[in-house]
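What follows is calculated from the coordinates using simple rules that are stated; it is not laboratory data. Please read all numbers here as calculations on a predicted model, not as lab measurements. With ideal geometry, Cβ positions are generated from the backbone for all residues, glycine too; neighbour counts draw on all protein chains shown.
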Amino acid sequence: MARKKHTDGTGGNNGGEGGEGGDGGDGPREIGATERNTERAWQTALRPRNFDEYIGQRDLIENLKVAVGAAKQGKWTLDHFLFAGPPGLGKTTLAHVIATEMGVNLHVSSGPAIDHKGKLAALLTNLGEGDALFIDEIHRLHPVIEENLYPAMEDFRFDLFIGDGPHAKAVTMQLPRFTLLGATTRMGLLSAPLLDRFGFHWQLRYYDLPDMKAIVKRSARLIDIEIDDDGATEIARRSRGTPRIANRLLRRVRDFAKMESDGSIDGSIAGSSLDRLAVDHAGLDSLDRGYLSSICERFDGGPVGIESIAASLSEERGTLEEVVEPFLLQVGFISRTPRGRIATAAGFQHMGLVAPSKAPTGGAGNQGRLF
Ligand code: ADE
């Protein structure tokens, strides 16, 4: 199987990591065109393209190597896999890596983009034998579409009705064998029947400091930016254990280094640039701090419901749940209780506030583990 073409079946948003990443090898990337382009193109150019280039998530990568190796040796189609975790940890990247390692085409779509049965039919009938189909935000599939996916996943079959009323005819289409790669930021929202149809699910973790440093150094090397160990540490420490954020901050720090220094990045230019970009020492940005300050100051440390926090910030509840809270929970600045969210003593301390005696200690341990 020498073919490989990664296509975006939605023609649109696929979660920010879609697209093709250039030629083989881990050498410098053609970033000129990318630079004139978008953040998405920048991220794509820096994405690892195979298992060897992938840094971190070691247990997962080892498991995937075994599954891919066995499928290639046995000449069978890889089972359906599901990846869960906060945005930016590499779920889309993994889909591209798996397709590359299998030597198959990857078709990319997302739950919200498949908004009627015809779109699902078009996606499935365009698949070639052995291809992989990536569905991002799979928890947002409409339940009717999801039900139509079950026979496709299980028996590689798709049931269609042609025509209307008494003349409608049921037609069963046989599909090629394919691999469904699903990604979700909200594992808890997936239905049990859909979960059951995946051969394997995996929760991606935030990356630890050594892995984040290695990712920052690799990205800098690929785009020919000089960075020393302190510079890489500073960016890594403030990137919330998330490669996508690290690559975004690297680009911004590079701008400061170019305009205000000799273009190379050290700890001091990285630190001052990130301060000016309002990314604090723990990697919290203004939304994170607004969220924390809302609980600590407006709601007296909590417990407070997510809807009240969202209203106080004029922010979507989903954004808070999927983007802001997972990291604040991970570093132990907040805690979730049956009565609502509460700020921990560590959270108060981070905001420069005195914690009330009711506040639980929080997770200095967690924070230590990450950073
Ligand atoms: N760039 C973004 N994520 C990465 C990863 N996990 N390994 C290497 N480079 C990356």
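Going by C-beta contacts inside 10 Å, put TYR207, TYR150, TYR54 in order with the fewest on the left. Could the numbers behind the result be given before it?
Values: TYR207 25, TYR150 14, TYR54 19.
Starting with the residue having the fewest Cβ neighbours, the order is TYR150, TYR54, TYR207.
Rounded, prolate or oblate: pick one for the stretch 51-117, where a ≥ b ≥ c are the square roots of the eigenvalues of its C-alpha gyration tensor, a/c under 1.5 means rounded, and failing that, prolate if a/b is larger than b/c, else oblate. Walk me through the numbers on the way to the answer.
On the way: a/c = 2.15, a/b = 1.26, b/c = 1.70.
Note, shape of the stretch 51-117 comes out oblate.
Kindly identify the stretch 166-267 as rounded, prolate or oblate by the Cα gyration tensor criterion: order the square roots of the eigenvalues as a ≥ b ≥ c, call it rounded if a/c is under 1.5, otherwise compare a/b with b/c, prolate if a/b is larger, else oblate.
Working: a/c = 3.80, a/b = 2.69, b/c = 1.41.
Cα axes put the stretch 166-267 in the prolate bin.
Find how much the distance from ASP280 to GLN174 grows on full extension, using 0.36 nm per residue of separation minus their present alpha carbon separation; answer in nm with one decimal.
On the way: separation 106, 0.36 × 106 = 38.16 nm, distance 5.39 nm.
So the extension gain works out to 32.8 nm.
Specify whether the C-alpha gyration tensor of the chain places it in the rounded, prolate or oblate class, a ≥ b ≥ c being the square roots of the eigenvalues: rounded for a/c under 1.5, otherwise prolate if a/b is larger than b/c and oblate if not. Don't skip to the answer; put the middle values down first.
Working: a/c = 2.18, a/b = 1.37, b/c = 1.60.
Since a/c reaches 1.5 but b/c is at least a/b, the shape of the chain is classed as oblate.
222 nm [θ] for the chain, helices only, -39500 (n - 2.57) per DSSP H run of 4+, per residue, to 500? Working shown, then result.
On the way: 16 runs with 155 residues, N = 371.
After summing the helix terms and dividing by the residues of the chain, the value is -12000 deg cm²/dmol.
Describe numerically, in nm with one decimal, the distance between label points set 7 Å from Cα along Cα→Cβ at ALA41 and at LYS119.
For ALA41 paired with LYS119, the spin-label model returns 2.6 nm.
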